[in-house]
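Notes for the one structure printed next.
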Amino acid sequence: MAKTNFDYLKNIDKNLFEIVLEAERLYRGEFFEQCMGQTRRFGEHLCRNVLGSKRTNEVTFDEMLSTLKDKPNPNELEKEFIDDLYFLKKQGNISVHSGEVQKDATTALECLQRAFEAGLNYSVFHQKANTDILKLRYDTELLITGSSSKKSLSDKYLEAKEQAQKKPKEKTAKKSQDPKSQVTSMNSVPRRTGIPPFWIVVGVFFVIALITLIYVLV
């Protein structure tokens, strides 16, 4: 079996482990609404287990949550646990009763993350598991690939920041160019002197023609 984010539950509560394992399978298959419905089921079973023998007439998830919420002087972790369960109930109800299918991957992922946190609190404070598991963080890479990420969240952040700094900055300001002054040079053309060659040639031919005419007449 591939490694999952909820492996810590495997030896604590096998039934809860199987329920939430199915929620992760549904998410990987892109059945996001069904995933949210399954995490709601997980939350309801968590709530029932925590109430245990203290449960009286509570039947619905909402009734059981109200009983948990009425506990006097809850600590911060208990408040966080109840808040996570309310979130799972609300989103699960929306997904089940919605008239339209909505591919809400973001909310489904948050449901899995909330289920993860609620499961940790349940394991430590109800089942007396080792408190070291509270250091666990939900790994989205493990959810998708079945392999845990070797890099921490801070490592990924620093790596992304470094990559962003390496990218060349786009040049938004254009270099201003000084308009070049237009240079015009006007060279004066020297005035021609004397008779142009064309007219000399014309004159020669005119004289020859005139002499020829006189000779013919004589």
Checklist outcome for this item: Of the residues in the stretch 121-131, those that are touching a Ser or Thr at 6+ places or on another chain (Cβ under 7 Å) and outside any loop (DSSP other than H, G, I, E, B) come to VAL124
Checklist entry - Scanning the stretch 96-118 for residues that are of a type in the set (Val, Ile, Thr) and part of a helix (DSSP H, G or I), which turns out farthest from ASP62 (Cα to Cα)? => result THR106
Checklist entry - With LYS150, LYS156, LYS167 as the choices, which residue is under 23 Å from THR4 (Cα atoms), charged (D, E, K, R) and either at pLDDT 60 or above or loosely packed, with under 11 Cβ neighbours inside 10 Å (or both)? => result LYS150
Checklist outcome for this item: The lone condition TYR138 fails out of (1) within 17 Å of ARG25 (Cα to Cα); (2) open to solvent by 30 Å² or more (accessible area, probe 1.4 Å); (3) in a helix (DSSP H, G or I); (4) touching an Asp or Glu at 6+ places or on another chain (Cβ under 9 Å) is (3)
Checklist outcome for this item: The condition from (1) in a helix (DSSP H, G or I); (2) over 29 Å from the mean Cα position of the chain (by Cα) that ASN93 misses is numbered (2)
Checklist entry - Only one of these conditions is not met by THR106: (1) modelled with pLDDT of 90 or more; (2) surrounded by 15 or more Cβ atoms within 10 Å (Cβ to Cβ); (3) of a type in the set (Val, Ile, Thr). Which number is it? => result (2)
Item to check | Tally of residues being touching a residue at least 60 places away in the same chain (Cβ under 8 Å), surrounded by fewer than 20 Cβ atoms within 10 Å (Cβ to Cβ) and within 37 Å of the chain's Cα centre (by Cα) across the stretch 34-57 | outcome: 1
Item to check | Search result, residues across the stretch 67-80 that are surrounded by 10 or more Cβ atoms within 10 Å (Cβ to Cβ) and acidic (Asp, Glu) | outcome: GLU78, GLU80
Next on the checklist: Any residue that is modelled with pLDDT under 90, at negative phi and not acidic (Asp, Glu) - is there at least one of those in the stretch 35-46?
Outcome noted: no
Next on the checklist: Please determine whether any residue of the stretch 58-66 is aliphatic (A, V, I, L, M) and buried (at least 16 other Cβ atoms within 10 Å of the Cβ).
Outcome noted: yes
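Results for (1) touching a Ser or Thr at 6+ places or on another chain (Cβ under 7 Å); (2) within 29 Å of ASP70 (Cα to Cα); (3) without any contact (Cβ under 8 Å) to a residue 24 or more places away in the chain; (4) buried (at least 16 other Cβ atoms within 10 Å of the Cβ), shown as yes or no for each residue.
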| residue | (1), (2), (3), (4) |
| --- | --- |
| ASP83 | no, yes, yes, no |
| ALA115 | yes, yes, no, yes |
| GLY119 | no, yes, no, yes |
| LEU142 | yes, no, no, yes |
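The values are calculated or read from the model by the stated rules, or taken from the named source; none is laboratory data. Since this is a predicted model, take the numbers as computed values, not measurements. Note that we place each Cβ from the backbone using ideal geometry, even for glycine, and neighbour counts take in every protein chain shown. Keep in mind that these areas ignore ligands, DNA and RNA; they rest on the heavy atoms of the full protein, side chains included. Shrake-Rupley method; radii C 1.70, N 1.55, O 1.52, S 1.80 Å.
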